[in-house]
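Step one of this worksheet: look at the structure below.
The values are calculated or read from the model by the stated rules, or taken from the named source; none is laboratory data. As the structure is a prediction and not an experimental result, all values here were calculated from the model. Methodologically, a virtual Cβ is constructed for each residue, glycine included, from the backbone with ideal geometry; neighbour enumeration extends over all protein chains shown. Quick note on the areas: whole protein, heavy atoms, side chains included, nothing else; ligands and nucleic acids left out. Shrake-Rupley method; radii C 1.70, N 1.55, O 1.52, S 1.80 Å.
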Amino acid sequence: MQTVTNPLQACNNIFFKPRGVFQALAHKNNWSWIPFFVVMVAAILPSYLYFSTVDFQWFVDMTAAGMGDVSPAEMEQFRNAQSPKLYTISSIVGPLIGITLFNALVALYLHLATKSDEKNVQGFTDWYGFTWWIMMPVLLSSLIALILLAMADSHQISPNVLQPLSLAYLFSVDIHSSWLALAQAASIITLWTVYLAIVGITQWTSFSTKKAAIIVLAPYILIYGIWAIVLLVS
């Protein structure tokens, strides 16, 4: 197995040879800043360009069409509150806050779930760095989204294009569907992230692949299962 000697090499190998990357990360500090910036740019750039490109009036009309039975005054209030600047700012601030907090929760969960293993010497901050590495596949989704935006033949572009490897995009789920958020969350990138997390846990602990898979998959099964049940009964 090729030894990973620097963070740039690790960023490349995480897609092809993740075991070696996690072995190196177990003994390296401050390498996770690079995937942090990569993931943040990958998460922000497509949304930023989308709202800089989309026919905003069309976008507002499309969004308003899914509001259901509301009064004319409420509809007017909604329309007046919309602005390209608001969405552009949200496309930057949202990922910065949302992903940072989400990864902190994931890191806390992984830290607690692996704490009983004697081989595991990683603390919370190590697992927090770990979360940015397992999110690196977001880069692929971002690149595809940018290509699709560049190839769009009009400015009336479905927001599903921002998640091109999700079920929402692959099956053209209507943006007003109650299943949209779940379909956006269910993605090839999600499966790839799960795989990387399993590989990483087996390299940082003495847990078997089966036990690592249970640790990683349990929250997904619980959250996605409850989510789907709520949608089915609502």
> Can you tell me which residue in the range 143-184 is farthest from Pro46 (Cα to Cα), limited to those that are small (Gly, Ala, Ser) and touching a strand residue (DSSP E or B) at 6+ places or on another chain (Cβ under 7 Å)?
Replying inline: Ala183
> Looking at (1) under 24 Å from Leu196 (Cα atoms); (2) open to solvent by less than 80 Å² (accessible area, probe 1.4 Å); (3) touching a residue at least 60 places away in the same chain (Cβ under 8 Å), which is the only condition Arg19 fails?
Replying inline: (2)
> What residue, among those in the range 206-216 that are surrounded by 15 or more Cβ atoms within 10 Å (Cβ to Cβ) and under 14 Å from Tyr109 (Cβ atoms), is farthest from the chain's Cα centre (by Cα)?
Replying inline: Ala212
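Quick one: in the range 169-205, of everything that is in a helix (DSSP H, G or I) and of a type in the set (Gly, Ala, Ser), which residue is nearest to the chain's Cα centre (by Cα)?
Residues of the range 169-205 in a helix (DSSP H, G or I): 169-170, 180-185, 188-204.
Then drop every residue that is not of a type in the set (Gly, Ala, Ser), which leaves 181, 183, 185, 197, 200.
Values: Ala181: 12, Ala183: 13, Ala185: 8, Ala197: 14, Gly200: 18 Å.
Only one residue fits best here, namely Ala185.
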> Which one is farthest from Trp33 (Cα to Cα), of the residues in the range 139-161 that are at pLDDT 95 or above and open to solvent by 30 Å² or more (accessible area, probe 1.4 Å)?
Replying inline: Leu148
>> With the requirement that a residue be in a loop (DSSP other than H, G, I, E, B) and within 13 Å of Leu139 (Cα to Cα), what does the range 6-57 give you?
In response: Ile14, Phe15
> Hey, among the residues in the range 62-80 that are over 27 Å from the mean Cα position of the chain (by Cα) and open to solvent by less than 60 Å² (accessible area, probe 1.4 Å), which one's farthest from Leu45 (Cα to Cα)?
Replying inline: Ser71
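For the range 217-226, what are the residues that are of a type in the set (A, V, I, L, M, F, W, C) and open to solvent by less than 80 Å² (accessible area, probe 1.4 Å)? Explain how you work it out, then say what you get.
Our first condition is that a residue be of a type in the set (A, V, I, L, M, F, W, C); within the range 217-226, this holds for 217-218, 221-223, 226.
Correct list: Leu217, Ala218.
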>> Just to be sure before I move on: is Phe59 surrounded by fewer than 18 Cβ atoms within 10 Å (Cβ to Cβ) and of a type in the set (A, V, I, L, M, F, W, C) in the structure I sent?
In response: no
> When you go through Ser187, Ser234, Ser178, Ser172 one by one, which is the residue that is among the hydroxyl-bearing types (Ser, Thr, Tyr) and either buried (at least 17 other Cβ atoms within 10 Å of the Cβ) or under 29 Å from His27 (Cα atoms) (or both)?
Replying inline: Ser187
> So which helices (runs of 4 or more DSSP H) are wholly in the range 72-161 and hold at least 3 residues that are closer than 30 Å to His27 by Cα?
Replying inline: 84-113, 124-134, 138-151
